[in-house]
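Accompanying notes for the structure given below.
The values are calculated or read from the model by the stated rules, or taken from the named source; none is laboratory data. What you see is a predicted model; the values in this text were computed from it and never measured. Please note: Cβ atoms are built from the backbone with ideal geometry, for glycine as well, and neighbour counts cover all protein chains shown. When the accessible area is computed, the model is the full protein with side chains, heavy atoms only, and any ligands, DNA or RNA have been set aside. Shrake-Rupley method; radii C 1.70, N 1.55, O 1.52, S 1.80 Å.
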Amino acid sequence: MSAGALDRAGAGRFALPLPLKITFGLLVLLAAAGAVLLPQNAALLLGGLVAAVLVAFGLGRAAGISDRWLVIAIPMLWLFVFFLVPFLVLGRISLSEAMIARPPYSPLFEQGADGWEYAGSFGNYQFLAEDPLYASAYISSIRIAATSTLLALLIGYPLAYFIARSPEPRRSILLLLVILPFWTSFLLRVYAWIGLLRRDGVINGFLMWTGIIDQPLVMLQTDFAVYLGIVYTYLPFMILPLYANLVKLDGALLEAASDLGASPILTFFTVTLPLSLPGIIAGSMLVFIPAIGEFVIPALLGGPDTLMIGRVLWDEFFSARDWPVASAVAIVMLFLVVVPIMWLQSVQNRQEGAQ
Amino acid sequence: MRGSWFLPAASFLGFAFLYIPILSLIIYSFNDSQLVTVWGGFSTRWYGELLNDAQILGAAWISLKVGVLSATIATVIGTLAAFVLTRFGRFRGRLLMTGMVTAPLVMPEVLIGLSLLLLFVSMELALGWPSERGMVTVVIAHSTFCAAYVAVIAQSRLRDMDDSLEEAARDLGAGPVRVFFDITLPVIAPALVSGWLLAFTLSLDDLVIASFVSGPGASTLPMVIFSKVRLGVSPDVNALATLIILIVAVAVSVAGWVLYRQSKRG
């Protein structure tokens, strides 16, 4: 091997393709620009974070703790403090009472005659249980989320199947077309439906122009618009897991079934559908869980009587300014979504195990 | 599936469903008339009005800064989490970490937003920090939920990656840090770029979480848009949407092209 070849091999150590080098350079520049342009305390936060990590590594090495634990500790601590602990705070405040003060809730421990006394109560939960508004909001959220999930499955399944059975490069292009809307603003895509569904909107205009109807249909501010909005925004979440599952489906199984005389419909119901069940469950959960707590879609497309718990929570917090009751509403919602989240997790673990 | 027409027809309808609203936004952003259905002729006046709207421009600037910062922090945390979950085997707290990485993906936004706000308020009472809510708290909130998305992308790339490369480097005497920066990082770089971009767009797009954790003077772009469109259709929002769609389409195409080139090489 000549020296030149060795040199090139050595240079290959850092061989990033040019576009990536440019992208990385841009990222670093952007981050630096962000740090400079930000107000002082934000730049301080960023600098402090980096410094804390470096100091931790230095101290760890000096104390003989392996880097491994520090690498685990950084994401673990961040997620613990900013994702898990907030739910504990949520639970704690749900036991307080609303007060006109700063902060607007009562302390959990009060100075009594003999030391600190526990002052928390389940009063907020009792309130939720007694006021039928909340129960019907939870039920109607589940109903709307479940209906939308079913609709998304009915629309998404043929699409996912079609993409999975397409030859390359058409498959990649179609897949990109499914993902692309997901990258554009969710808020603006919901907003687009206002223009389509309004009384004087595009759809009514078109239908009246063709003469199919002579009175504009009321579509905006109905439950129908909410279903439509949820299906529309969450469809990629349904299609992607379904596609990932269907693309692995062994074509030989379908051939075997048809060789044995099964009709395409029978093959679908006895082979394809059961095998794609993990994809169906994953996709459905990815639509169903966030849809339960959805706020933007019912707020923009729903009517005043479209009752969804995300909206109730929002109003309780922003309009009524009752933080403890909002927290109690949130805790109940949390219990509602924990079961499907666990189910999703177990399905995904099994899929990983199977791979 | 029956016949050869059913699937293509259903897929065509599906794609039409996905794209018609977006197309209508773009078309009506060039409508001269203030009314939605009335076509007042082609015009770019809403783009002009957009450029003179100080409120929207200010909010866009804030959103941009928050997005860049959050995406960068989220990429670091998400990559570390993905690396730990795919390369470190069993360790105490693994299950907890898996849960904390997956849950933000599906957790309703109102829950994340409210719980984080209450955390910030409690922290302020107990520690005196953060003394006010604003950009910093939004960045922390966005970094947290975006890190989960980055982790998912990085994890799938790390899993697909041939780990004999890393083993070979270790056998040749490279330390773990060197292996990570010389071997692992260049290989998973495209995934990290798309992870960063995804985190950036998610941060730019978030209304609910930002509304909870933001403070006075730090309204992000979605917060301003929401307060505008709540009252009905406003044509300058159409123009804004068209610009955003254009930027996203270009960015995604470039990213797709880079990944495509990469996969052809590798």
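Structure above, values below:
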| item | result |
| --- | --- |
| B:Gly89 vs. criteria over 18 Å from the mean Cα position of the chain (by Cα), on the phi > 0 side of the Ramachandran plot and either small (Gly, Ala, Ser) or in a helix (DSSP H, G or I) (or both) | yes |
| Members of the range B:156-179 that are in contact (Cβ under 8 Å) with a residue 12 or more places away in the chain, more than 22 Å from B:Val258 (Cα to Cα) and within 10 Å of another protein chain (Cβ to nearest Cβ) | B:Ala169 |
| Matching option when the condition is among the hydroxyl-bearing types (Ser, Thr, Tyr), open to solvent by less than 60 Å² (accessible area, probe 1.4 Å) and facing chain A (nearest Cβ under 10 Å), among B:Tyr47, B:Tyr19 | B:Tyr19 |
| Which listed residue is at pLDDT below 90, at the interface with chain B (Cβ under 7 Å from one of its Cβ atoms) and over 28 Å from B:Asp236 (Cα atoms), from A:Leu188, A:Leu176, A:Leu180 | A:Leu176 |
| Cross-chain or 6+ apart pairs with Cβ under 6 Å, the range B:218-237 first and hydroxyl-bearing (Ser, Thr, Tyr), then open to solvent by 40 Å² or more (accessible area, probe 1.4 Å) | B:Ser234/B:Lys228 |
| Filter pass, A:Phe237 being within 11 Å of chain B (Cβ to nearest Cβ) and open to solvent by 40 Å² or more (accessible area, probe 1.4 Å) | yes |
| Answer from B:Asp171, B:Asp205 - the residue that is of a type outside the set (A, V, I, L, M) and more than 29 Å from A:Phe83 (Cα to Cα) | B:Asp171 |
| Test: residue in the range A:207-225 that is open to solvent by less than 10 Å² (accessible area, probe 1.4 Å), farther than 19 Å from B:Ala16 by Cβ and of a type in the set (A, V, I, L, M) | no |
| Residues within the range B:220-244 that are within 9 Å of another protein chain (Cβ to nearest Cβ) and open to solvent by 30 Å² or more (accessible area, probe 1.4 Å), tallied | 3 |
| Hits in the range B:114-155 (condition: touching a helix residue (DSSP H, G or I) at 6+ places or on another chain (Cβ under 9 Å), at the interface with chain A (Cβ under 10 Å from one of its Cβ atoms) and open to solvent by 50 Å² or more (accessible area, probe 1.4 Å)) | B:Trp129, B:Ser131, B:Glu132 |
| Subset of the range A:218-266 (residues that are β-branched (Val, Ile, Thr) and within 19 Å of A:Ser166 (Cα to Cα)) | A:Ile239, A:Val247 |
| Failed item, numbered, when A:Arg189 is tested on (1) free of Cβ contacts under 8 Å to residues at least 12 places away in the same chain; (2) in contact with a helix residue (DSSP H, G or I) (Cβ under 8 Å, 6 or more places away or on another chain) | (1) |
| Set B:Ala141, B:Ala151: member being more than 28 Å from A:Met308 (Cα to Cα) and either within 18 Å of the chain's Cα centre (by Cα) or outside any helix (DSSP H, G or I) (or both) | B:Ala151 |
| Leading residue by the ranking (surrounded by the most Cβ atoms within 10 Å (Cβ to Cβ)) among those in the range A:194-203 that are part of a helix (DSSP H, G or I) and facing chain B (nearest Cβ under 8 Å) | A:Gly195 |
| In the range A:189-228, the residues that are among the polar types (S, T, N, Q) and closer than 30 Å to B:Leu202 by Cα | A:Gln221, A:Thr222 |
| Test: B:Phe30 is within 7 Å of chain A (Cβ to nearest Cβ), surrounded by 14 or more Cβ atoms within 10 Å (Cβ to Cβ) and farther than 16 Å from A:Ile194 by Cβ | no |
| From the options A:Ile144, A:Ile173, A:Ile163, residue that is hydrophobic (A, V, I, L, M, F, W, C) and open to solvent by 60 Å² or more (accessible area, probe 1.4 Å) | A:Ile173 |
